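Following: one structure in structure tokens, then a few remarks.
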């Protein structure tokens, strides 16, 4: 039985500055006429509680004195994100792991995903970039009663997939808090070109990360022996 290495998706496996983050910008601009900066979006993320980009888009609108119903925000966000046939902003995503990394990790560990994406969003990206990678399970917001920073998703994985050890890799405060609440060791990702990079790295360490990396390709240097 192998240890279970669990990945978040956005900012860890997939570079999403031009997909999810740009969808937030486009959604807020559509309803308010104001263009929010990536720095402001990251500031909300660093405070925690905004793992859900639909909720964050709604809150940004509200803070600009425009109250938009949640479902209306979701509908417009998805229109921008998916486009007509997955040709929207989701098509701008890039895969972060270098060739061979996940294959090497899979030789000694079971690979899994716990993401705030729903099943449809996760499937598009995984089918495009990682169709041959044996992620099991892929835990999405569709399966989890209470999303991050709650520990529910990680606890469900631990209950259903017993393993001699667990580790979660994420890039947000909510990822770190979810791992800490579940009692799972956490590795943080703080990309150097991300807004508020230094603050994010500091906060992830304060929330219990035993390592904070520039990107997932550095992970082999910090994982304990399997």
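Taking a ≥ b ≥ c as the square roots of the Cα gyration tensor eigenvalues, with a/c under 1.5 meaning rounded and otherwise prolate when a/b beats b/c, else oblate, which class fits the range 20-91?
On the way: a/c = 1.69, a/b = 1.34, b/c = 1.26.
Prolate.
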#### Entry: Candidates 52, 127, 118: whichever shows maximal mean-square fluctuation once the chain is modelled as a Gaussian network with Cα springs under 10 Å
127
#### Entry: Normalised contact order of the range 20-91, rounded percent, pairs of Cα under 8 Å and 6 or more residues apart
35 percent
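If you rank 16, 222 by fewest surrounding Cβ atoms within 10 Å, what's the result?
Values: 16 24, 222 12.
The fewest-first ordering by Cβ neighbours comes to 222, 16.
Give me 2, 94, 45 ranked fewest to most by other Cβ atoms within 10 Å of their Cβ, as a rough exposure proxy. Working shown, then result.
Numbers: 2 14, 94 11, 45 24.
With the fewest neighbours first, 2, 94, 45 line up as 94, 2, 45.
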### Query
Tell me, what is the percent relative contact order of the chain, built from C-alpha pairs under 8 Å that lie six or more residues apart?
26 percent
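Quick check: from the Cα gyration tensor, does the range 59-107 come out rounded (a/c under 1.5), prolate or oblate?
Here the range 59-107 falls in the prolate category.
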### Summary
Here, residue 38 and residue 161, labelled 7 Å along Cα→Cβ, have an inter-label distance in nm of 3.1 nm
### Summary
Computed over the chain: longest principal axis from alpha-carbon atoms vs helix 119-129 long axis, angle to nearest 10 degrees, is 70 degrees
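Using only DSSP helix segments of four residues or longer, with each worth -39500 (n - 2.57), what per-residue ellipticity at 222 nm results for the chain after dividing by its residue count and rounding to 500?
Numbers: 9 runs with 93 residues, N = 226.
So the calculated ellipticity at 222 nm is -12000 deg cm²/dmol.
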### Query
Between the helical axis of 70-82 and the dominant principal axis of the chain, each derived from Cα atoms, what acute angle in degrees is found, rounded to the nearest 10?
70 degrees
### Query
Only one of the listed values, (1) 11.6; (2) 10.7; (3) 13.4, was derived from the coordinates as mean projected area of the Cα convex hull in nm²; which label is it?
(1)
### Query
Working out 0.36 nm times the residue gap between residue 94 and residue 79, then minus their Cα-Cα distance, what length gain in nm do you get to one decimal?
3.4 nm
### Query
Cα centroids of the range 79-149 and the range 193-212: how far apart, whole angstrom?
23 Å
### Summary
For the chain, longest principal axis from Cα atoms; helix 53-63 axis from its Cα atoms; angle between them, nearest 10 degrees, is 40 degrees
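I want the antiparallel fraction of DSSP beta bridges within the chain, as a percent rounded to 5. Walk me through the numbers on the way to the answer.
On the way: 2 of 19 bridges.
That works out to approximately 10 percent antiparallel.
Which of 220, 18 comes first, and how do the rest follow, when ranked by fewest Cβ neighbours within 10 Å?
On the way: 220 10, 18 14.
Going from sparsest to densest Cβ surroundings: 220, 18.
Rule-based calculations on the coordinates, nothing more; no lab input. Everything numeric here is computed off the predicted structure, so don't read it as measured data. A quick note on method: Cβ atoms are made from the backbone with ideal geometry, for glycine too, and the neighbour counts reach across all protein chains shown.
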